[in-house]
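Structure, as structure tokens:
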Amino acid sequence: MKPFDVYPLFNIEPVKAQGSWLWDKQGNKYLDLYGGHAVISVGHTHPYYVGKIMEQLNKISFYSNSVIIPQQTELAEKLGVLSGYVNYELFLCNSGAEANENALKLASFHTNRKKVISFSKSFHGRTSLAVAATDGASMQAPINKTDNVIMLPFNDDAALEAHFSDEIAAVIVEGMQGVGGVQIPTVAFLKKIESLCKKHNAVFILDEVQSGYGRSGKFFAHQYADIKPDLITVAKGMGNGFPIAGVLINPKFKAVHGMLGTTFGGNHLACAAGIAVLDIIKDEKLLENAAKMGEYLMVALRKVAGVKEVRGFGLMVGVELEIPCASIRNALLSEHNIFTGSSSDKNTIRILPALNIGEEELDIFLTAFTTVLSKTLVN
Ligand code: PMP
């Protein structure tokens, strides 16, 4: 048997990683400005994180959700305090798509309705309703097509108002669109969604899978807008690479035994990883670092010739070039050993480093980026 070939691969085999650095089989060193797709939050192989997982692994790594798992309570309490959502409840699962699928399901249970509004350039995952709510026809199989999803233009208050009704179960929007090229919802748009959801008793779902967990410099990107969604989904940075995800749930939703469930969600090992991440974010003041380093990076990037626009908050940064970015990203990797991210916008590079990256590492990137871009513009 061999792996199902669904991913285009770089010809690189990392065998070791630490902080914001990776090493391949041949001993070459790489700077990680991509964080394995916004997943690495507290840095690769952080000693406290590794220690917590090892300690748990040696005690008990898994038992089903039919027994008391106190690590779930510890994780929920710490997440409540750090995120500012102390009175919300937490459903634990395993991936971003699963978190969104459960949030949409919960919204439908709660409202007894079926229609969902989502937006152009959005990405919510690859499972049935999550992918139906994603703006990407090539990812949707015929079985995923549904008339329950209404796809509206992003940041368009008037279109939203025109399509809202008492049939809407939920509106789902990303804190900042990631795959779409770091597109930021306006404060007015988020407030409009919030007020229309209230007016029509619909559920407001914030997908913070990529933009959450401190990446934006606040715990959640939507906290720049002073709104309070009913459901918030988290994944990626939550486990720093260990698969864990969750839905933060407003207490107005009533839990009924059996309505949601998962075999692996909230297992001992995943919780140990999740608790370690929260402890490190708090103790090392990573929200502050993400905000500060993000500002430093964005100010510098805006001065580089060939850069059209820089979008983002904290360490979720979209750099839109005047030209397609593929050759620039390839040169950064092959000539300077620097990983960056792409997006569905062919001109936009995504920068998603670990939240504890420093100025020194960002300077290495900025020098390489300026060199590569100026060389390309001259040719
Ligand atoms: N929502 C957002 C905003 C995402 O960026 C992603 C992953 N790129 C997902 C959901 C899906 O997460 P997963 O791949 O863990 O299912």
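The values are calculated or read from the model by the stated rules, or taken from the named source; none is laboratory data. Computed from a predicted model, the values in this text were never measured in an experiment. Here the Cβ positions follow ideal geometry from the backbone for every residue, glycine too, while neighbour counts run over all protein chains shown. Accessible surface is based on the protein model in full, side chains and every heavy atom, while ligands, DNA and RNA are left aside. Shrake-Rupley method; radii C 1.70, N 1.55, O 1.52, S 1.80 Å.
For the chain, what is the relative contact order in percent, using Cα pairs closer than 8 Å and at least 6 residues apart in sequence?
Relative contact order, the chain: 22 percent.
Can you tell me which of 285-297, 137-149, 87-99 comes out highest on packing, and rank the rest after it, using the mean Cβ neighbours within 10 Å?
Listed from highest to lowest mean packing, they are 87-99, 285-297, 137-149.
For every other residue with a beta carbon closer than 15 angstrom to the beta carbon of Ile349, add +1 if it is Lys or Arg and -1 if Asp or Glu, then tell me the sum.
Local charge sum for Ile349: +1.
Name the shape class, rounded, prolate or oblate, that the alpha-carbon gyration tensor gives for segment 158-302, where a ≥ b ≥ c are the square roots of its eigenvalues, rounded holds for a/c under 1.5, and otherwise prolate holds if a/b is larger than b/c and oblate otherwise.
The shape class here is oblate.
Once you've got the GNM for the chain with C-alpha springs shorter than 10 Å, pick whichever of Phe313, Phe109, Phe339 has the biggest mean-square fluctuation.
Ranking Phe313, Phe109, Phe339 by mean-square fluctuation puts Phe109 first.
Assign one of three labels to the chain, namely rounded, prolate or oblate, based on the Cα gyration tensor with a ≥ b ≥ c the square roots of its eigenvalues; rounded applies when a/c is under 1.5, prolate when it is not and a/b is larger than b/c, and oblate otherwise.
Oblate.
Measuring from centroid to centroid over Cα atoms, what is the spacing of segment 244-295 and segment 323-379 in Å?
Cα centroid of segment 244-295 versus Cα centroid of segment 323-379: 30 Å apart.
Which whole-Hz couplings ³J(HN,Hα) result when phi for each residue of segment 119-128 is put into the Karplus expression 6.51 cos²θ - 1.76 cosθ + 1.60, θ = phi - 60°, listed in order with x for Gly and Pro?
10, 4, 6, 6, 9, 10, x, 10, 7, 3
Taking the simple approach of a point 7 Å from Cα along Cα-to-Cβ for both Tyr48 and Glu309, what is their distance in nm?
So the two model labels end up 3.8 nm from each other.
Shape verdict for segment 115-206, please, from the Cα gyration tensor: rounded (a/c under 1.5), prolate (a/b greater than b/c) or oblate.
Cα axes put segment 115-206 in the oblate bin.
Could you work out [θ]222 nm for the chain from helices alone, using -39500 (n - 2.57) per DSSP H run of at least four and dividing by all its residues? Round to the nearest 500 deg cm²/dmol.
Value at 222 nm, helices only: -11000 deg cm²/dmol.
Over 26 Å between Cα atoms: which of Lys145/Lys218; Lys198/Lys292; Lys199/Lys254; Lys115/Lys199; Lys228/Lys254; Lys105/Lys198 fall into that group?
Distance filter (> 26 Å) returns Lys145/Lys218; Lys198/Lys292.
Please give the per residue volume of the convex hull enclosing the alpha carbon atoms of segment 199-275, rounded to a whole number of Å³.
Normalising the Cα hull of segment 199-275 by residue number yields 110 Å³.
What spacing in nm lies between the two simple spin-label points modelled at Thr371 and Val299, each 7 Å away from Cα in the Cβ direction?
My value for the distance between the label points is 2.5 nm.
DSSP loop chymotrypsin sites (Phe, Trp or Tyr not before Pro) in segment 11-75 with at most 16 other Cβ atoms within 10 Å of their Cβ, which ones?
Sites meeting the loop and neighbour criteria: Phe62, Tyr63.
With every protein chain kept in place and ligands, DNA and RNA left out, what is the accessible area per residue of the chain? Probe 1.4 Å, answer in Å².
Value returned for the chain: 46 Å² of accessible area per residue.
Over the chain, what percent of the accessible surface lies on carbon and sulfur atoms, probe 1.4 Å?
Whole-percent figure for carbon plus sulfur exposure: 56.
Please give the Cα centre distance for segment 152-230 versus segment 48-86, rounded to the nearest Å.
Here the two parts' Cα centres lie 29 Å apart.
Check cross-link reach from Lys192 to the aspartates and glutamates: straight Cα distance under 15 Å, and skip same-chain residues fewer than eight apart.
Correct list for Lys192: Asp156, Asp157, Glu161, Glu174, Asp226, Asp230.
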